[in-house]
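Worksheet: the structure to be examined is printed underneath.
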Amino acid sequence: MASISDLLLDAGLTRDKLEECRQLSVRSGESLDRSILQREYLDEVTLLQVYAKHLGYEFRKSLDGTKVPTGFVDGVPVQFARNYNLVALEELEDGTLKVATCHPLDPHPMDDLAAMLGRELDPVLAPRLEITGLIARAYRHKADGVDEALDAVSEDADIGSMAAEIDEAEDVLDVSNKAPIIKLVNTILFQALKLRASDVHFQPYPDRMQVRFRIDGILYDMDSIPRRVQDAIISRVKVMGKMDIAERRLPQDGRATIRLGDGEVDVRISSVPTTDGERIVLRLLDKTAKLYRLNEIGLSHRNAELIRHYIGYNHGIILVTGPTGSGKTTTLYASMAEIDTTMKNVLTIEDPVEYALAGVSQVQVNTKKGLTFAAGLRSFLRQDPDVMMVGEIRDLETAEVAIRAALTGHLVFSTVHTNDAPSTITRMIDQGVEPYLVASSLVLIIAQRLVRTVCPHCTVIEPINEEWAAKLKKVDLDPAELDHQIAYGTGCDECFQSGYSGRTAIYEFLPVTEELRTQVMEGGSATDIKRAAVARGLITLREDGRDKIRSRLTTPDEVLRVTQLDV
């Protein structure tokens, strides 16, 4: 049988590096596998495969779809599972538990686990992030460690010293050997990231502090935290955001970076003083989140063809519009990802830079230093650009620079906050832009909203009753178009009993045609523009929503919720 040294050398480790890791291992007392990972000489998957082969263990690259036996969740504290990265995968007929680990050379936690459960264990090797993800899913419906972390925060603890301990980028998975208040905040953030929350609210009440997560655009109440811990949590979050702990009477903003294993998450922190104490909201931007492509964001075939056609233009402005949190940036990124950056020079100015785009130069707005959207866009014009993206057109100055760029042979992408596509034109004119400039520079306006999609775990298809028929009537859908059947989620543990999981977008595409340009020049109102566009075949937000109901992606409730103002 091949020795571990031979297998490591076969996997691409050089003799020098192997010897260096051996010496490091002896000096630090760490196992050899951890020394190799620490030096990043081999990636974790390759290393685990080598050890699986050497030790005769099974290796699983992905743990998706694995259901953890309930005996493990009930019998093992979440802190233990998380500290040692151990999770049960299945129970064999003879009572043996298959347990995933990412530390093949550390037998002690396995022995402790076997004693805790009174069972034989069969080790399986799997990557650390897969294990932490499975632990999060398994313990999601227990308090997920928040209660345990709360118990550890004592009445008389020195809040200042506990809150002040801060790493450059705090790893929220690392809760061992941390001060209790840090452990508590990390546990809450870990829970939020695992549940795909976009925002975390710490809202003070006279008797408690309520933690709330915004998931798929809807706020859910999570843990209640005793009043006694409120100041400590606020201090801890402020330290993370490099904010002033002593200032409690003025609103403050901060930002931090936290790590989730190997991935980084950008956190925007905002605090405002209320009568019950400071209220803090954290906006989470997961850098490792998937970058969507045009075929993954809910575009109909017609709309996908339209946007691809306009992305090929070499000048003009493409505007995406909708309220905050309607997926505008995702649509812009998906569009930018279609552009061949080897042939075109692409620059973006954003606030904040949400995802890294390959081959694109991205600039972060810095108002304190005078780097605004307008100033950045002006500088871009001297960078020989082909395509530019400006995060938002929120004032006349930015609008004028964007229009000048479009008229001098550049393609400009941007966003605005309006209710529908036609009112975008009148908004720009109201800002002070001349109608002839708007008419000659705009080429396409996309309005959009996000609707929640029916949860795949609890979907049922049932005959349409009177209640559903009334809702369908509100969105102008005939039950006959749905074969008199409707799909909806009954609610399950996977979707917080909401019946929805994940989101897709509904769109309104308004190409700027010659007729539309004439209307703009003649000073037509948003209503006139919309009426004429519908006559020319504009598919409104609500109509696109109807298509999503027909294809059983979403429900009439969702379409009504997000399109009240667009009719």
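The values are calculated or read from the model by the stated rules, or taken from the named source; none is laboratory data. Because the structure is a prediction, the values reported are computed rather than measured. Cβ atoms come from the backbone with ideal geometry, glycine included; neighbour counts cover every protein chain shown. Calculation scope for accessible area: heavy atoms of the full protein, side chains included, ligands and nucleic acids excluded. Shrake-Rupley method; radii C 1.70, N 1.55, O 1.52, S 1.80 Å.
Those residues that are assigned to a helix (DSSP H, G or I) and over 12 Å from residue 136 (Cα atoms), I need them from the range 60-79; list them, please. Listed by number, the residues that qualify are 70, 71, 72, 74, 75. Considering only residues in the range 104-119 that are in contact with a helix residue (DSSP H, G or I) (Cβ under 7 Å, 6 or more places away or on another chain) and open to solvent by 40 Å² or more (accessible area, probe 1.4 Å), the one that is modelled with the highest pLDDT turns out to be 116. For the range 444-472, which residues satisfy the criterion of being touching a helix residue (DSSP H, G or I) at 6+ places or on another chain (Cβ under 8 Å) and more than 28 Å from residue 308 (Cβ to Cβ)? Hits for the range 444-472 are 455, 457, 458, 464, 468, 469, 471, 472.
Among the residues of the range 239-260, just one is polar (S, T, N, Q) and more than 19 Å from the chain's Cα centre (by Cα), namely 252.
For residue 202, are the conditions met, namely being assigned to a strand (DSSP E or B), in contact with a His (Cβ under 9 Å, 6 or more places away or on another chain) and open to solvent by less than 10 Å² (accessible area, probe 1.4 Å)? When the stated conditions are applied, residue 202 does not pass them. I'm checking my understanding of the structure. Among residues of the range 304-357 that are within 25 Å of the chain's Cα centre (by Cα) and aromatic (Phe, Trp, Tyr), which one is farthest from residue 404 (Cα to Cα)? Across the range 304-357, the extreme among qualifying residues is 355.
When the helices (runs of 4 or more DSSP H) confined to the range 370-449 are screened for residues that are open to solvent by 40 Å² or more (accessible area, probe 1.4 Å) and acidic (Asp, Glu), those reaching at least 1 such residues are found at 396-407, 421-430. It is to be established whether one or more residues within the range 489-507 are in contact with a Gly (Cβ under 7 Å, 6 or more places away or on another chain) and of a type in the set (Phe, Trp, Tyr). Taking every residue of the range 489-507 in turn, at least one turns out to be in contact with a Gly (Cβ under 7 Å, 6 or more places away or on another chain) and of a type in the set (Phe, Trp, Tyr). Taken as a whole, the structure leaves residue 48 outside the set of residues that are part of a loop (DSSP other than H, G, I, E, B) and either open to solvent by less than 20 Å² (accessible area, probe 1.4 Å) or under 25 Å from residue 186 (Cβ atoms) (or both). Sub-8 Å Cβ pairs linking a first residue in the range 191-207 that is under 13 Å from residue 496 (Cβ atoms) and touching a residue at least 24 places away in the same chain (Cβ under 8 Å) to a second residue that is in a strand (DSSP E or B) and open to solvent by 40 Å² or more (accessible area, probe 1.4 Å), at least 6 apart or interchain, are 191/222; 197/214, ordered by first then second residue. The selection criterion, being modelled with pLDDT of 85 or more, closer than 29 Å to residue 181 by Cβ and charged (D, E, K, R), does not hold for residue 137. Considering only residues in the range 208-219 that are under 18 Å from residue 503 (Cβ atoms) and open to solvent by 40 Å² or more (accessible area, probe 1.4 Å), the one that is nearest to the chain's Cα centre (by Cα) turns out to be 214. Of the residues 72, 80, the single one that is surrounded by fewer than 18 Cβ atoms within 10 Å (Cβ to Cβ) and at pLDDT 85 or above is 80. For the range 10-34, the candidate set comprises residues that are closer than 19 Å to residue 53 by Cβ and either hydrophobic (A, V, I, L, M, F, W, C) or in a helix (DSSP H, G or I) (or both); within that set, the residue that is most open to solvent (accessible area, probe 1.4 Å) is 10. All told, residue 214 falls short of being assigned to a loop (DSSP other than H, G, I, E, B), more than 19 Å from residue 139 (Cα to Cα) and in contact with a strand residue (DSSP E or B) (Cβ under 8 Å, 6 or more places away or on another chain).
I'm trying to understand the selection: among the residues of the range 375-403, which are in contact with a His (Cβ under 9 Å, 6 or more places away or on another chain) and among the basic types (Lys, Arg)? Within the range 375-403, just 394 meets the criteria. So, residue 414, is that one over 29 Å from the mean Cα position of the chain (by Cα) and either under 29 Å from residue 515 (Cβ atoms) or of a type in the set (S, T, N, Q) (or both) or not? Spelling it out, it is not the case that residue 414 is over 29 Å from the mean Cα position of the chain (by Cα) and either under 29 Å from residue 515 (Cβ atoms) or of a type in the set (S, T, N, Q) (or both). In summary, residue 269 fulfils each of the numbered conditions (1) at pLDDT below 95; (2) farther than 13 Å from residue 188 by Cβ with the single exception of condition (1).
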